[in-house]
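Visitor: Submitted below is the structure of interest, expressed as structure tokens.
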Amino acid sequence: MNNKLIIFLIALFIFGCEDQKADMIIHNGVIYTMNDLNPITEAVAVGDGKIIALGKYRDLDPLINAKTKIINLSGAMMTPGIIEGHGHFYGLGLAKMQLDLSKTESYQDLIDMVSDAVRNSNPGEWILGRGWHQSKWSDNKDDFVKGFQTHDRLSEVSPKNPVWLKHASGHAGFANQNAMDIANVNRETEFGFGGEIIKDLSKEPTGVFNERAQGLISSHIDNNLSEDSDIRAIELAVKTSLENGITSFHDAGTGKKTIEILREAINRGILKVRIYAMLTSRDTTLLNEWYKKGPEIGTGGDLLTIRSIKLNADGALGSRGAWLIDEYTDRPGHYGMPTQSMEYVYKVAKNGLLSGFQVNSHAIGDKANREILNEYEKVFNEHPDLAANHRWRIEHAQHVAPADIPRFGRMKVIPSIQGIHMSSDRPWAIDRLGKKRIEESAYVWRDLIDHGAILINGSDVPVEPIDPIASFYASTTRKTLKGFPDFGYEPKQKMTRIEALKSYTLNAAYGAFEENIKGSIEIGKYADFTVFSQNLITIPEDKILDTKILYTIVNGVVEYQAN
């Protein structure tokens with residue numbers, strides 16, 4: 001589309017809407033629209049929370065009056081509002097209210113943080129935290145059991161307080177002796193399908209609980225937060241999202257309680273980020289209720305949509321819970337585990353399709369990805385008409401056998417990946433999978449794209465920080481956030497910068513059936529924008545992580561502005 005035609009269309013639009021004035025006009029920057037026909041525009045006009053015009057700034061003069069807010073970008077970069085493609089919204093808020101163990105560099109760092117918390121707590125009070133990752137610690141791991149620390153030192157500093165510390169991945173937890181005593185866990189305690197109690201050679205629990213076995217401890221935690229605490233968690237999640245340029249959030253595993261809290265947040269005017277909720281499949285009663293009533297779309301002016309279901313096929317590589325075809329390189333004889341049976345996956349997938357729901361499945365290991373694809377394919381073949389525009393997803397798609405990579409594009413299954421996981425995990429993931437599997441089947445974004453898959457990006461917050469700039473950097477450089485290695489890990493799998501930006505905007509909107517209302521800067525869509533201090537598409541690679549969020553605009557309102 002040439003400039004004359006664009007100007008003509010703007011004039012035609014303005015002539016037809018001569019009584020409408022802009023509430024806001026944004027100009028004087030590099031504005032990436034994500035519309036292939038008009039990829040960059042000079043200015044955008046907003047009215048009633050929607051985009052009403054775009055083009056050259058001078059051509060939008062007729063839309064300006066005394067009440068119009070003018071935002072001069074001063075050369076900054078603006079994009080459609082960034083969409084977090086996979087995270088845990090309520091969990092993000094809760095994590096802000098617990099010990100943040102993500103910066104621990106050794107087991108002693110963890111011990112020190114818990115010891116400080118004990119001094120500030122009453123006896124019997126639970127001490128909760130999240131974010132530790134033993135593979136990132138500098139410790140000599142000779143006394144670790146099956147790759148994990150043992151509870152003895154933790155228990156020494158917390159004899160009168162139960163302690164429960166979630167792994168960074170969320171797929172394992174670490175308890176002290178007090179917590180295990182409360183839960184009646186001892187050397188005789190066993191756990192069956194979908195979980196593991198890590199024990200030492202004398203069969204004593206080490207304090208580490210893998211996958212579903214975490215429930216042995218977590219079910220005893222006093223999680224009955226007050227209504228104000230629940231709302232505070234939502235406020236913290238909103239604040240953190242907006243500070244990071246996030247205008248929409250795909251909430252991966254939403255329970256009944258969280259739905260109620262989100263509705264209350266809407267009623268109180270607290271929810272400022274659009275939520276696309278995936279119903280947790282761990283609650284069969286919840287699913288049966290929603291099968292009967294069907295999806296809920298656009299509550300509160302498109303602040304809350306519930307039209308998908310989240311399945312959980314396996315665990316994570318960090319906890320060695322990811323379900324593999326071949327054994328773990330660093331734990332011979334161990335293959336990880338399924339956390340839901342494939343019979344259950346099939347049942348939920350079929351009921352979801354018949355009830356109008358999208359189905360999104362957590363799958364990290366190559367065995368889990370293969371089995372989920374198999375169950376999806378079975379349901380699609382049984383109901384081809386209903387599956388014509390399914391947009392079903394695999395969340396993470398982290399380790400995919402080469403034979404299964406083309407199936408994503410062929411079956412139109414969306415890989416919902418997290419670029420930052422590669423940056424954080426790749427230095428130690430090679431120990432889990434070995435060189436051949438890392439090179440051929442882990443974080444294979446380029447191969448998935450080249451075989452026709454549409455990728456969505458995200459952070460899996462609170463597993464990783466929500467920062468989309470960090471995930472953009474990892475997606476395009478294949479490096480750690482410290483810039484290692486020089487040319488990136490498996491550099492042939494890099495995304496281009498435009499592909500990475502689309503994975504956080506238009507692709508993410510498509511993955512939620514929302515590309516007609518968001519994801520690109522086009523007339524009629526919501527005025528959701530993110531403004532960056534630098535042009536992420538053109539700046540040198542080593543400058544990307546210096547980029548800041550300047551504005552986050554939702555529904556035509558500046559909800560965050562950098563100082």
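The values are calculated or read from the model by the stated rules, or taken from the named source; none is laboratory data. Computed from a prediction, not measured in an experiment: that's the story for all the values here. Please note: Cβ atoms are built from the backbone with ideal geometry, for glycine as well, and neighbour counts cover all protein chains shown.
Visitor: Quick test for you: out of Ile40, Ile64, pick the one residue that is modelled with pLDDT of 95 or more and within 31 Å of the chain's Cα centre (by Cα).
Guide: Of the residues listed, the single one that is modelled with pLDDT of 95 or more and within 31 Å of the chain's Cα centre (by Cα) is Ile40.
Visitor: Would you check if there is a residue in the stretch 191-208 being free of Cβ contacts under 8 Å to residues at least 12 places away in the same chain and not hydrophobic (A, V, I, L, M, F, W, C)?
Guide: Yes, some residue in the stretch 191-208 is free of Cβ contacts under 8 Å to residues at least 12 places away in the same chain and not hydrophobic (A, V, I, L, M, F, W, C).
Visitor: Which of the numbered conditions does Ser503 fail, given that it passes all the others? Conditions: (1) surrounded by fewer than 16 Cβ atoms within 10 Å (Cβ to Cβ); (2) in contact with a Ser or Thr (Cβ under 8 Å, 6 or more places away or on another chain); (3) not aromatic (Phe, Trp, Tyr).
Guide: With (1) surrounded by fewer than 16 Cβ atoms within 10 Å (Cβ to Cβ); (2) in contact with a Ser or Thr (Cβ under 8 Å, 6 or more places away or on another chain); (3) not aromatic (Phe, Trp, Tyr) applied to Ser503, the lone miss is (1).
Visitor: Select, from Asp48, Asp19, the only residue that is of a type in the set (Asp, Glu) and modelled with pLDDT under 95.
Guide: Answer to the check: Asp19.
Visitor: Just wondering, is there one or more residues in the stretch 375-394 that are within 21 Å of the chain's Cα centre (by Cα), closer than 18 Å to Met495 by Cβ, outside any helix (DSSP H, G or I) and at pLDDT 95 or above?
Guide: yes
Visitor: If you don't mind, another one. Gly170 is checked against (1) at pLDDT 90 or above; (2) surrounded by 19 or more Cβ atoms within 10 Å (Cβ to Cβ) and fails just one. What number does that condition carry?
Guide: (1)
Visitor: Within the group Ala500, Ala474, Ala509, Ala453, which residue is small (Gly, Ala, Ser), assigned to a helix (DSSP H, G or I) and touching a strand residue (DSSP E or B) at 6+ places or on another chain (Cβ under 7 Å)?
Guide: Working: Ala500 fails: touching a strand residue (DSSP E or B) at 6+ places or on another chain (Cβ under 7 Å); Ala474 fails: touching a strand residue (DSSP E or B) at 6+ places or on another chain (Cβ under 7 Å); Ala453 fails: assigned to a helix (DSSP H, G or I).
One residue alone meets the criteria, Ala509.
Visitor: Looking at Leu550, Leu481, Leu545, which one is of a type outside the set (D, E, K, R) and over 21 Å from the mean Cα position of the chain (by Cα)?
Guide: Being of a type outside the set (D, E, K, R) and over 21 Å from the mean Cα position of the chain (by Cα) holds for just one of Leu550, Leu481, Leu545, which is Leu550.
Visitor: Look at the stretch 262-307 and say how many of its residues are under 24 Å from Arg393 (Cα atoms), among the aliphatic types (A, V, I, L, M) and surrounded by 17 or more Cβ atoms within 10 Å (Cβ to Cβ).
Guide: Residues in the stretch 262-307 being under 24 Å from Arg393 (Cα atoms), among the aliphatic types (A, V, I, L, M) and surrounded by 17 or more Cβ atoms within 10 Å (Cβ to Cβ): 11 in total.
Visitor: Show me the strands (runs of 3 or more DSSP E) entirely contained within the stretch 124-204 in which 3 or more residues are of a type outside the set (A, V, I, L, M, F, W, C) and within 17 Å of Leu101 (Cα to Cα).
Guide: Working: elements: 127-132, 163-167, 172-175, 195-199.
In the stretch 124-204, the matching strands (runs of 3 or more DSSP E) lie at 127-132.
Here's the yes/no breakdown for (1) more than 23 Å from Tyr376 (Cα to Cα); (2) touching a residue at least 12 places away in the same chain (Cβ under 8 Å); (3) in the same structural domain as Trp132 (by TED's automatic domain parsing); (4) of a type in the set (Gly, Ala, Ser):
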{"residue": "Tyr328", "(1), (2), (3), (4)": "yes, yes, no, no"}
{"residue": "His334", "(1), (2), (3), (4)": "yes, yes, no, no"}
{"residue": "Gln340", "(1), (2), (3), (4)": "no, yes, no, no"}
{"residue": "Glu343", "(1), (2), (3), (4)": "no, no, no, no"}
{"residue": "Ala349", "(1), (2), (3), (4)": "no, yes, no, yes"}
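Visitor: For the stretch 35-87, which strands (runs of 3 or more DSSP E) that fit wholly inside it have 3 or more residues that are β-branched (Val, Ile, Thr) and either exposed (fewer than 13 other Cβ atoms within 10 Å of the Cβ) or in contact with a strand residue (DSSP E or B) (Cβ under 8 Å, 6 or more places away or on another chain) (or both)?
Guide: 40-47
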